[in-house]
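Visitor: Okay, here's the structure, questions in a sec.
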Amino acid sequence: MIRHLGTVRRAVRGGAALGLALLAGAALAQVNRGPENILPTPAPSPTSTPLPAPAQAPAPTPTATPVIQAVPVVQPTLADLEPVMTWSLANAQALLAVIEKIDADGLIPADYQPEALRAAIAAGPGATLDAQASRSFAWLIEDVRDGRTRMSSRVQWFVVDPDVDVNPTPDVMARALASGDIAGEIAALLPTHPDYARLKAELARTPASDRVTRRLIQVNLDRWRWMQRDLGKFYLLTNVPEFQLRLTVDNEIIRSYRTIVGKPGRTATPQLAEVVEGVIFNPTWTVPQSIVKGEGLGAQLLANPARAKRENYKVTKAKDGMVYVVQQPGPNNALGLMKLDMPNEHAIFLHDTPGRHLFNLEKRALSHGCIRTERAMELAITMAILGAGMKPEDAVAIVNSGKYTRVGMNRTFPVYLTYFTMASDITGKLGRFNDLYGRDAPVLASLAAPRQAWDGQRKSTEKIIKLDNPL
């Protein structure tokens with residue numbers, strides 16, 4: 001099928017869209033059959049520095065596909081955070097053994113008071129052992145499940161991790177004590193994404209003398225713990241410093257796309273976990289008032305109707321004097337020919353762009369926060385097929401109509417805007433990426449400082465900067 005795409009694209013006016021629909025159909029077939037080599041291998045990312053391939057890590061245990069939804073953040077009580085339960089000597093000794101080896105996950109054994117736990121074990125069963133073992137276990141569970149870095153050091157991190165709702169500390173502790181499988185219950189909270197296991201393997205092979213590399217691995221292991229443990233069966237994931245987007249099924253890349261991300265500073269792309277609710281073909285762009293009024297575009301277009309027509313703007317002046325400017329669908333629309341509808345308070349989304357030549361640049365931090373995506377129409381058609389059950393020929397008809405059309409999704413399709421400075425690139429090689437926004441430093445500082453008590457906060461309290469300008 002892939003061999004004939006060039007012929008299909010040249011055949012008719014709708015050939016390009018039909019070719020993309022066929023490519024999307026191939027992706028759907030691949031999804032139905034499992035991630036095998038139907039689609040061509042993505043080109044190597046020019047922005048990563050490959051590391052030696054780590055030893056093959058064991059595959060994570062399959063889990064049920066989660067549904068991402070809004071998570072009500074409830075302030076936990078002390079009993080939620082640090083319940084006290086009855087511990088046997090065997091269970092306490094098993095906990096101590098886990099703590100002593102938790103540095104394999106980039107965590108710090110001393111954080112969980114192993115010496116105090118060892119002394120309580122020596123003193124025998126009783127209230128002292130119950131209190132100390134419960135405290136050490138609760139602190140360890142918090143960091144394994146939710147991350148050791150507190151929210152104040154997670155710059156622009158607006159991903160709400162629901163894992164604490166699925167596995168609250170009292171439930172985990174009760175299960176562990178009932179089963180006696182302390183290590184198993186703790187391990188069951190670790191991220192399932194293959195990159196977590198790869199980073200652990202890389203940490204194990206990195207000499208203690210290479211403190212810079214080990215600390216970088218620690219930072220990125222912790223970032224995985226900040227996210228939902230299981231990302232789902234189908235999802236989109238972009239690693240901002242890599243300038244790449246992945247369409248992923250069962251944690252295998254089906255297709256990858258180069259991206260343009262936010263410029264450092266006020267327009268840096270925040271980290272989000274949202275849900276694609278629809279695909280918008282031939283979108284309009286409502287120009288933000290920061291441009292309409294702040295940059296004088298509204299007044300300029302009102303004074304120059306010919307320019308407004310030439311640049312495909314519809315300009316409206318309300319009775320109160322407010323000017324509204326909407327760019328109509330077309331190839332020169334600032335959003336290009338498609339937009340993924342993923343409502344969020346930041347007004348961040350994935351979209352096409354008329355400036356496609358910029359994807360040839362190596363460093364692509366050029367936007368006002370949104371993610372511009374190469375081969376966006378291919379992605380849009382693929383999403384319409386996978387997420388909305390649309391027939392390829394219907395998608396082609398919508399593309400060729402040139403009319404604004406929103407196709408709603410009937411399958412949950414999460415999208416993760418992540419920030420990893422050490423990760424597998426789109427070819428599968430573990431590499432390092434430039435710390436584009438300087439977000440490693442506060443995490444490193446947090447890991448170097450004494451552990452701070454977890455207060456249940458799961459979302460940044462930083463000011464929301466509404467980045468609704470694709471230019």
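Visitor: Out of all the residues in segment 398-417, which are farther than 14 Å from Gly387 by Cβ and in contact with a helix residue (DSSP H, G or I) (Cβ under 7 Å, 6 or more places away or on another chain)?
Guide: Val399, Asn400, Thr405, Leu417
To keep it simple, each residue is scored yes or no on (1) touching a Gly at 6+ places or on another chain (Cβ under 9 Å); (2) under 26 Å from Thr238 (Cα atoms).
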position: Lys317; (1), (2): yes, no
position: Gly321; (1), (2): no, no
position: Gln327; (1), (2): no, no
position: Asn333; (1), (2): no, yes
position: Asp341; (1), (2): yes, yes
position: Leu350; (1), (2): no, yes
position: Arg356; (1), (2): yes, yes
position: Leu361; (1), (2): no, yes
position: Ile371; (1), (2): yes, yes
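Visitor: Could I ask something else about it? Of the residues Ala110, Ala178, only one is in the same structural domain as Arg225 (by TED's automatic domain parsing) and under 21 Å from Ala453 (Cα atoms); which?
Guide: Checking each option against the conditions leaves just Ala110.
Visitor: Criterion first (part of a loop (DSSP other than H, G, I, E, B) and under 30 Å from Arg223 (Cβ atoms)) does Ala273 satisfy it?
Guide: No, not satisfied.
Visitor: Let me ask something else about it. Here is a check on your reading of the model: is Leu335 surrounded by 17 or more Cβ atoms within 10 Å (Cβ to Cβ), under 23 Å from Tyr416 (Cα atoms) and over 21 Å from the mean Cα position of the chain (by Cα)?
Guide: Yes, satisfied.
Visitor: Can you say whether Gly369 is within 24 Å of Arg246 (Cα to Cα), surrounded by fewer than 18 Cβ atoms within 10 Å (Cβ to Cβ) and either in the same structural domain as Leu350 (by TED's automatic domain parsing) or within 17 Å of the chain's Cα centre (by Cα) (or both), as far as the supplied structure shows?
Guide: Considered against the rule, which asks whether it is within 24 Å of Arg246 (Cα to Cα), surrounded by fewer than 18 Cβ atoms within 10 Å (Cβ to Cβ) and either in the same structural domain as Leu350 (by TED's automatic domain parsing) or within 17 Å of the chain's Cα centre (by Cα) (or both), Gly369 comes out as no.
Visitor: Then there is this: So, Tyr416, is that one of a type outside the set (A, V, I, L, M), within 22 Å of Leu247 (Cβ to Cβ) and modelled with pLDDT of 90 or more or not?
Guide: Judged against the criteria, Tyr416 is a match.
Visitor: Still on this model: Restricting the search to segment 173-196, which residues are under 21 Å from the mean Cα position of the chain (by Cα), surrounded by fewer than 20 Cβ atoms within 10 Å (Cβ to Cβ) and farther than 13 Å from Val144 by Cα?
Guide: Correct list: Pro194 only.
Visitor: Are any of the residues in segment 291-301 outside any loop (DSSP other than H, G, I, E, B), at pLDDT 95 or above and of a type outside the set (Lys, Arg)?
Guide: no
Visitor: Moving on to the next point. Across segment 271-302, what is the total count of residues that are closer than 30 Å to Gly387 by Cα and surrounded by 15 or more Cβ atoms within 10 Å (Cβ to Cβ)?
Guide: 17
Visitor: Could you identify the single residue in Leu221, Leu177, Leu216 that is within 22 Å of Thr86 (Cα to Cα), of a type outside the set (Gly, Ala, Ser) and modelled with pLDDT of 95 or more?
Guide: Result of the check over Leu221, Leu177, Leu216: Leu177.
Visitor: List every residue pair whose Cβ atoms lie under 9 Å apart, where the two residues are 6 or more positions apart in sequence or sit on different chains, the first residue falls within segment 232-255 and is outside the structural domain of Thr412 (by TED's automatic domain parsing) and on the phi > 0 side of the Ramachandran plot, and the second residue, located anywhere, is surrounded by fewer than 20 Cβ atoms within 10 Å (Cβ to Cβ) and charged (D, E, K, R).
Guide: From segment 232-255, no pairs qualify.
Visitor: Right, Met383: modelled with pLDDT of 90 or more, in contact with a helix residue (DSSP H, G or I) (Cβ under 7 Å, 6 or more places away or on another chain) and aliphatic (A, V, I, L, M) or not?
Guide: no
Visitor: Looking only at strands (runs of 3 or more DSSP E) that fall completely inside segment 316-402, which ones have 2 or more residues that are farther than 25 Å from Pro270 by Cα?
Guide: Hits in segment 316-402: 323-327.
Visitor: Looking only at residues in segment 244-270 that are within 13 Å of the chain's Cα centre (by Cα) and not in a strand (DSSP E or B), which one is surrounded by the fewest Cβ atoms within 10 Å (Cβ to Cβ)?
Guide: If we take residues in segment 244-270 being within 13 Å of the chain's Cα centre (by Cα) and not in a strand (DSSP E or B), then Asn251 is surrounded by the fewest Cβ atoms within 10 Å (Cβ to Cβ).
Visitor: How many residues does segment 421-443 contain that are surrounded by 15 or more Cβ atoms within 10 Å (Cβ to Cβ) and touching a helix residue (DSSP H, G or I) at 6+ places or on another chain (Cβ under 6 Å)?
Guide: Matching residues across segment 421-443 total 10.
Visitor: Within the group Lys339, Lys391, which residue is free of Cβ contacts under 8 Å to residues at least 24 places away in the same chain and in the same structural domain as Ile260 (by TED's automatic domain parsing)?
Guide: Checking each option against the conditions leaves just Lys391.
The values are calculated or read from the model by the stated rules, or taken from the named source; none is laboratory data. Because the structure is predicted, anything quoted here is derived from the model rather than measured. Neighbour counts are summed over all protein chains in view; Cβ atoms, including those assigned to glycine, are modelled from backbone coordinates with ideal geometry.
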